[in-house]
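In what follows, a structure is listed as structure tokens, so that the remarks can point back to it.
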Amino acid sequence: MQAIEVENLKKYYGKIRAVDGISLSIGQGEVFALLGPNGAGKTTTIEIIEGLRLPDSGIVNVLGLDVIRQPRQVKSRIGIQLQNTALFQRLTVAEVLELFRTFYPGQTRNSRELIDLVDLGEKKDTQSRELSGGQRQRLSVALALVNYPEIVFLDEPTTGLDPQARRSLWDTIRQIQKSGASVLLTTHYMEEAQELCDRVAIIDSGTVIAMDTPGNLIQQNFNETIIEFNTAGSRPLDGIFHGLAGLTRPEMVKDHHVTLYTANTVATLGSLMNLSERGEIHFDTLNVRVATLEDVFLKLTGKTIRD
Amino acid sequence: MKTIIQLYLANLKEYRRERMEIFWTLAFPILFMLLFGIIFSGNGNTTFDVGIANQDQGSAGAGLIQAFQGVSVFKVTTGNESTLMSSLKKGDLTVLLVIPPNMTASIAADKASNVAVYYDPTNQTTPQVVLPIVSQVVQGFNQGLTHQPALVVVTPKTVTAANLREIDFLLPGILAMSLMQLGLFATANVLVQLRQQQVLRRLGATPLPRSMLLISQVLFRLTIGLLQAAAIILVGVWFFNVHILGNPIILVGIVLFGSLMFIALGYLISGLARTQESSAAITNLINFPMMILSGIFFPLTLMPNWIRPLVDAMPLTYLADLLRRVMINSTPVFPLTTDVGVLAGWLVVCSLLALRFFRWE
């Protein structure tokens, strides 16, 4: 049995097709990410799977249960972290956690264990309204772990966190995975997906445009090296890179940011230098690197994820 | 059950830590009490000046005057009608009774006589305090004449012993107002805030049944209603020597009943309002007219007739009347069945509509 099975999920808001025929299958113990820009339909999708929203059509099975028919049974076996929820403002971290324990019929983690999991020990007696954004986010993740969930849903868990807090949350997610639970998370941080996930689904305009392991996605889309630079000056760049040595596909130009894909880094760099010497182009910064999920996203959707 | 208790305790804990909540639900009504108490406690042991113009020559007129002189809160002045009428107009008299000529003869002939009572309706205490006593005195006098068994002699004694003052009337009114505001400000506005902060949504992501959440919230608010009643009554008793009559269990029942009705109204508003701003606007729009028009600060007799349909539709009118009836044994404006019936009607209608319109997100 798969942890989550979704078939041809649709949810329209008027003319906006928030979710437009998404199908997913997520295995037990898998860490899976829905990757996409804001407004791509990630949150709507995850909330339908959690049973918080009803789809217009489609089938959603979670742990073998029909979410639409048995939402309560599903909710008692999964853990949910929502985007920007304020909690009981005047209760302390430990009090909120103890309160949530009483909502679940089965076994629950005690508040000390939860506090350790998300590293909030110093704040356990602080009222939740006095927590910083990152601390609140960690509390929110702890709440998703109260009932030893078989699947943990994390909606943009690291958005708004500083790099250190993000890494500490990544550790928590790895610990969740070690406990045997599946994790379904949404993010628009490519590196996060690359770092944590067994598989990712790239979502754009309510549809899945690619789904695989991060490594496979990169390999299938890029055998090449990426050369990136900013151009100075307002000269039009149309056609300027045409016929440049080693290029495998057309360049991507956004404002003054140029991305070239090459099978022969040395040759491409050489011909770029020639362009520069002839004064046809001015570099600001130049960066040579291997492809990442971000490049896959750019290639598949024609836009950067933070657009 | 354990979950309901835990949620209820969590609500209380949050309440205890929220100073603004405590201010609006407890300190505000107490301040109201203190303010009005100080303003009105000046006429503490009021006696009411009663003028009697006796146009009857016989024993009946004299007997009636004697009956009035026997009432400790009445200071009786006799004289002719026109002199006394001008004193009434100046405000020196609270009421003026005119005993018709030939009353003695009429009584002897078994015919009814009409004792006219003049009073100034802008004086709040007159219709509510003095007139009942006057009619009770007259009734007692009547019974003496007709030698009917005196079945209701206890009542005039209670009323006069209670020595009703402005503050005695205000206290049940302020309590009723507080219970209304519990439903408006501490229910509707708070729920909309919880919804906007997505707390309700987060709770909806757990297997917690919504009925449990609802029950715990209502229990919590009923507790606040009882706390408000206790605080207001204690301030009244300690500082202003207000006598609370009536059965305490019935009083608790009415406080819970009234709170429940306004809490249901609060849930309904929270379902209709989309934002905290619109909720604040709606609650204020309801609060203000109810405060002014429900006979809490101004007697209902002062209201112009055209506004009476509005007054008669407002639940606070009946809750205040019901509380006064029980707490200070005042003469009710409406029959008991009307008070209870209208409030029950509001409770049922608000509850049904609230269930229909309530939104968790």
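Straight-line cross-link reach from B:Lys89 at under 22 Å between alpha-carbon atoms covers these lysines, not counting any fewer than eight positions away in the same chain: B:Lys75.
Out of all Cα-Cα pairs in chain B, roughly what percent, to the nearest whole number, are more than 26 Å apart? Counting every Cα pair in chain B, those more than 26 Å apart make up 57 percent. The translational diffusion coefficient of the range A:154-240, from Stokes-Einstein at 10 °C and 1.306 mPa s with a Kirkwood hydrodynamic radius over alpha carbon pairs, comes to 101 µm²/s. Note on chain B: GNM, Cα springs under 10 Å; of B:Met314, B:Met290, B:Met103, the largest mean-square fluctuation is that of B:Met103. Near B:Gly204, once Lys and Arg are set to +1 and Asp and Glu to -1 for all other residues with Cβ below 15 Å from its Cβ, the sum equals +4. Each residue in B:Lys90, A:Lys15, A:Lys10, A:Lys75 was given a count of other beta-carbon atoms within 10 angstrom of its own, and listing them fewest first yields A:Lys15, B:Lys90, A:Lys10, A:Lys75.
Give the shape of the range B:66-106 as rounded, prolate or oblate, defined through the alpha-carbon gyration tensor: a ≥ b ≥ c are the square roots of its eigenvalues, a/c under 1.5 means rounded, and otherwise the shape is prolate if a/b is larger than b/c and oblate if not. Cα axes put the range B:66-106 in the oblate bin.
Peptides A:140-153, B:234-247, B:195-208 ranked from most to least packed give A:140-153, B:195-208, B:234-247, packing being the mean of other C-beta atoms within 10 angstrom over each peptide's residues. Between A:His256 and B:Leu34, the modelled labels are 6.7 nm apart [label points 7 Å from Cα along Cα→Cβ].
Please go through the residue pairs A:Lys178/A:Lys299; A:Lys11/A:Lys75; A:Lys42/A:Lys254; A:Lys10/A:Lys254; A:Lys75/A:Lys123; A:Lys123/B:Lys13 and name each one whose alpha carbons sit more than 23 Å apart in this structure. From the list (A:Lys178/A:Lys299; A:Lys11/A:Lys75; A:Lys42/A:Lys254; A:Lys10/A:Lys254; A:Lys75/A:Lys123; A:Lys123/B:Lys13), the Cα-Cα distance tops 23 Å for A:Lys178/A:Lys299; A:Lys42/A:Lys254; A:Lys10/A:Lys254; A:Lys75/A:Lys123. Reducing the range B:7-29 and the range B:273-318 to their Cα centroids gives an inter-centroid distance of 25 Å. What the Cβ-Cβ distance of B:Thr331 and B:Phe23 gives, at R0 = 30 Å and to the nearest 0.05, is a FRET efficiency of 0.30. For the listed peptides A:173-186, A:36-49, B:57-70, a ranking on the average number of other beta carbons within 10 Å per residue, highest first, reads A:36-49, A:173-186, B:57-70.
Most tightly packed first, judged by the mean number of other beta-carbon atoms within 10 Å of their residues, the peptides A:242-255, A:118-131 read A:118-131, A:242-255. Residues within the reach of a label modelled at A:Leu275 (point 7 angstrom out along Cα to beta-carbon, backbone nitrogen below 14 Å), restricted to the range A:214-244, are A:227-244.
Rounded to the nearest 20, the size of the Cβ-charge dipole of chain A about its Cα centre is 820 debye, with Lys and Arg at +1 and Asp and Glu at -1. Based on the convex hull around the alpha carbon atoms, the protein assembly as shown presents an average projected area of 41.6 nm². Extending 7 Å from the Cα toward the beta-carbon at both B:Asn247 and A:Lys10 defines two label points whose distance is 6.4 nm.
Across peptide A:46-58, the average count of Cβ atoms from other chains found within 10 Å of a residue's Cβ is 1. Across peptide B:201-213, the average count of Cβ atoms from other chains found within 10 Å of a residue's Cβ is 6. Given R₀ = 41 Å, FRET efficiency for A:Ser25-B:Leu12 by Cβ-Cβ distance, to 0.05? Efficiency at R0 = 41 Å is approximately 0.35.
Take each residue in A:84-96, count the other chain C-beta atoms within 10 Å of its C-beta, and the mean is 5. With distances taken between every two different alpha-carbon atoms, the range A:81-142 has a Kirkwood hydrodynamic radius of 11.5 Å. Estimated translational diffusion coefficient (Stokes-Einstein, Kirkwood radius over Cα pairs, 25 °C, 0.890 mPa s) of the range A:55-213: 148 µm² per second. For the pair A:Glu130 and B:Arg356, a Förster radius of 35 Å applied to the C-beta separation gives a FRET efficiency near 0.40, rounded to the nearest 0.05.
Fully extending the segment from A:Arg17 to A:Leu286, taken as 0.36 nm per residue of separation minus the present Cα-Cα distance, adds 92.9 nm.
A short reminder: the numbers here are calculations on the coordinates, not readings from a lab. In this text, all values refer to a predicted model and were calculated from it rather than measured experimentally. Every residue, glycine as well, gets a Cβ built from its backbone with ideal geometry; the counts of neighbours run over all protein chains shown.
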